[in-house]
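What follows is a set of notes on a single structure, which appears directly below.
The values are calculated or read from the model by the stated rules, or taken from the named source; none is laboratory data. All of these numbers come straight from a predicted model, not from anything done at the bench. Cβ atoms come from the backbone with ideal geometry, glycine included; neighbour counts cover every protein chain shown. Surface accessibility is based on the protein's heavy atoms, side chains included, excluding ligands, DNA and RNA. Shrake-Rupley method; radii C 1.70, N 1.55, O 1.52, S 1.80 Å.
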Amino acid sequence: MKLRIGASLVALALLAAPAAAQDVLKIAIGQINNWENQAPTLGEDVGIFKKRNLKVEAFGTQGAGETIQAVVSGSADLGAGVGVAGVMRAFSRGAPVRVLLPAFTGTGDLYWYVKADSPLKTIKDATAQNTIAYSTSGSSSHNIVVAFGQELGAKAKATSTGGPPGTFTQVMTGQIDIGWSAPPFGIKEIKDGKIRIIARGSDIPSLKGQTVRVIIVNANALKEKHDAIMRFVKGYRETVDWMYADPKALQMYSEKVKQPVDILAESLKEFHPKDALQTAQMADLDGAVKDAVSLKFLDAPMTKEQLAEFLQIPPAK
């Protein structure tokens, strides 16, 4: 009898005990409202990370430069929306930052535009007196703008303008001649005839099949929170699959960015095919290193040993 009572008390105690606290990971996201950066936030909202006993706390930045700084300083464990060349530069200078996952392959999602009444018809029409926008130093938009000059001969002066909303204001008020953006921002304005696309990231031949943005991780966090970060990787990959399989994801995104579902669905087909969000491998890594050197993000190519340390991508099942 005493044994039964004792067992019952133990069972009741277990039922009454609070569930284990979720592990918290902080992630800084450049251009937090872009579709390709939605896995951390939508995965959190729909409960995909919760079932892995994780709480993902996301906050936005103006671009890759701020994101890298947040991860390097340790104020964020992870960073998203970061250009590969910028991370290579930070790593080569000794920053405690590593690549955890590929995030976007190709550059077809980024575009450059002018006001509808601008005399500029193509990127090659721009002169040294014109200005062309990118977000922050080390971002993929920065990488592409530099490549516009080196590969296409564009002469416009590269100017950091932050995110798409601030850039749009600067273009429409005449402070910047050529703005940059990524869907869904600007799609309505294009349809309404307020702005015109004059160049896309996919116009750069060397970047078409290259992984250009990544998820980064603080090297110390990777050691100290390894198990939680591996669970994040699994949750991130599951979320990407869910985003393209369940219409609920697009509906949730529509409510977040306050854009019609039909416009977003059309935008996804044109700018964000699922294979662009692959997380298995760094596509055209040799090309990425070569471009980082030619664009002066690196002084010299990274060695095999450096790349082995730099890339901490868990195998995809």
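Of note:
- Residue ranges of helices (runs of 4 or more DSSP H) in the range 146-260 with at least 1 members touching a Lys or Arg at 6+ places or on another chain (Cβ under 6 Å), open to solvent by 30 Å² or more (accessible area, probe 1.4 Å) and closer than 23 Å to Leu100 by Cα: 226-245
- Among the residues making up the range 125-145, those that are of a type outside the set (Ser, Thr, Tyr), within 21 Å of Ser294 (Cβ to Cβ) and outside any loop (DSSP other than H, G, I, E, B) are Ile132, His142, Asn143, Ile144, Val145.
- One residue from Gln281, Gln306 being part of a loop (DSSP other than H, G, I, E, B), modelled with pLDDT of 95 or more, of a type in the set (S, T, N, Q) and open to solvent by 50 Å² or more (accessible area, probe 1.4 Å): Gln281
- For the range 19-44, a residue qualifies if it is open to solvent by 20 Å² or more (accessible area, probe 1.4 Å), in a strand (DSSP E or B) and either hydrophobic (A, V, I, L, M, F, W, C) or touching a helix residue (DSSP H, G or I) at 6+ places or on another chain (Cβ under 8 Å) (or both), and the qualifying residues are Asp23, Val24.
- Within the range 284-303, considering residues that are among the acidic types (Asp, Glu) and open to solvent by 70 Å² or more (accessible area, probe 1.4 Å), the one farthest from Arg237 (Cα to Cα): Asp299
- The range 188-215: number of residues that are within 30 Å of Met88 (Cβ to Cβ) and modelled with pLDDT of 95 or more: 6
- Scan of the range 67-89 for residues that are over 21 Å from Gln281 (Cβ atoms) and either among the small types (Gly, Ala, Ser) or surrounded by fewer than 22 Cβ atoms within 10 Å (Cβ to Cβ) (or both), ordered by number: Gln69, Ala70, Val72, Ser73, Gly74, Ser75, Ala76, Arg89
- Residue in the range 109-116 that is of a type outside the set (A, V, I, L, M), assigned to a strand (DSSP E or B) and within 18 Å of Tyr236 (Cβ to Cβ) present: no
- Per-region count, the range 95-145, residues open to solvent by 40 Å² or more (accessible area, probe 1.4 Å) and among the polar types (S, T, N, Q): 4
- Filter result for the condition that a residue is more than 12 Å from the chain's Cα centre (by Cα) and part of a helix (DSSP H, G or I), over Ala58, Ala70: Ala70
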